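The values are calculated or read from the model by the stated rules, or taken from the named source; none is laboratory data. Because the structure is predicted, anything quoted here is derived from the model rather than measured. Cβ: placed from backbone, ideal geometry, glycine included. Neighbour counts: every protein chain shown.
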Amino acid sequence: MRSIAVVISFLIVALSIVSARAHAFLDHASPLVGSTVAAAPHEVSLWFTQNIEAAFSGVEVSDANGARVDQGKPQISGNTMRVGLKPLAAGTYRVRWHVLSVDTHKTEGNFSFHVGGP
């Protein structure tokens with residue numbers, strides 16, 4: 001009886017891990033999350049843990065005043081989303097993203113990066 005309980009517990013944990021991985025989470029970004037870069041980047045690139053649906057995913061980049069500095073619609077291929085940037089001055093910028101993974105789970109998030117000295 002005890003071995004059945006152990007097997008059932010193992011299956012529950014295993015299924016929880018599989019369902020937790022069923023979302024497209026941000027894996028890494030360029031510029032790096034929370035980073036300070038000396039030179040203004042020409043684009044923001046985001047890599048996710050799963051492929052994403054282009055029609056239902058997007059990203060916006062704004063300056064400290066809330067004005068958008070991205071160049072509009074991102075390019076999406078597989079698990080990567082890129083958006084071009086207008087010329088950036090020194091300052092802090094916020095990246096807001098939302099994605100729909102190919103398995104139909106939605107995720108969203110945001111981070112900032114800083115251009116210029118500390």
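In the stretch 14-21, the count of residues that are modelled with pLDDT under 95, surrounded by 15 or more Cβ atoms within 10 Å (Cβ to Cβ), over 17 Å from F111 (Cα atoms) and not polar (S, T, N, Q) is zero. Say whether the condition of being modelled with pLDDT of 95 or more, in a loop (DSSP other than H, G, I, E, B), of a type outside the set (G, A, S) and more than 23 Å from T92 (Cα to Cα) is met by at least one residue in the stretch 27-46. No.
Condition check ((1) within 17 Å of S35 (Cβ to Cβ); (2) assigned to a strand (DSSP E or B); (3) β-branched (V, I, T)) across all residues:
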{"position": "G66", "(1), (2), (3)": "no, no, no"}
{"position": "M81", "(1), (2), (3)": "no, yes, no"}
{"position": "P87", "(1), (2), (3)": "no, no, no"}
{"position": "T92", "(1), (2), (3)": "yes, yes, yes"}
{"position": "V95", "(1), (2), (3)": "yes, yes, yes"}
{"position": "L100", "(1), (2), (3)": "no, yes, no"}
{"position": "T104", "(1), (2), (3)": "no, no, yes"}
{"position": "F111", "(1), (2), (3)": "yes, yes, no"}
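Would you check which residues across the stretch 22-41 are over 21 Å from T107 (Cβ atoms), buried (at least 16 other Cβ atoms within 10 Å of the Cβ) and of a type in the set (A, V, I, L, M) and list them? Within the stretch 22-41, just A40 meets the criteria. Criterion first (within 15 Å of P31 (Cβ to Cβ), without any contact (Cβ under 8 Å) to a residue 24 or more places away in the chain and surrounded by fewer than 17 Cβ atoms within 10 Å (Cβ to Cβ)) does N110 satisfy it? Against the criterion (within 15 Å of P31 (Cβ to Cβ), without any contact (Cβ under 8 Å) to a residue 24 or more places away in the chain and surrounded by fewer than 17 Cβ atoms within 10 Å (Cβ to Cβ)), N110 qualifies. When V99, V61 are screened for being surrounded by 14 or more Cβ atoms within 10 Å (Cβ to Cβ) and either modelled with pLDDT under 95 or closer than 14 Å to P41 by Cβ (or both), only V61 passes. Just need a number here: residues in the stretch 75-96 that are crowded, with 17+ Cβ neighbours inside 10 Å and within 19 Å of H23 (Cβ to Cβ). Total satisfying the criteria: 4.
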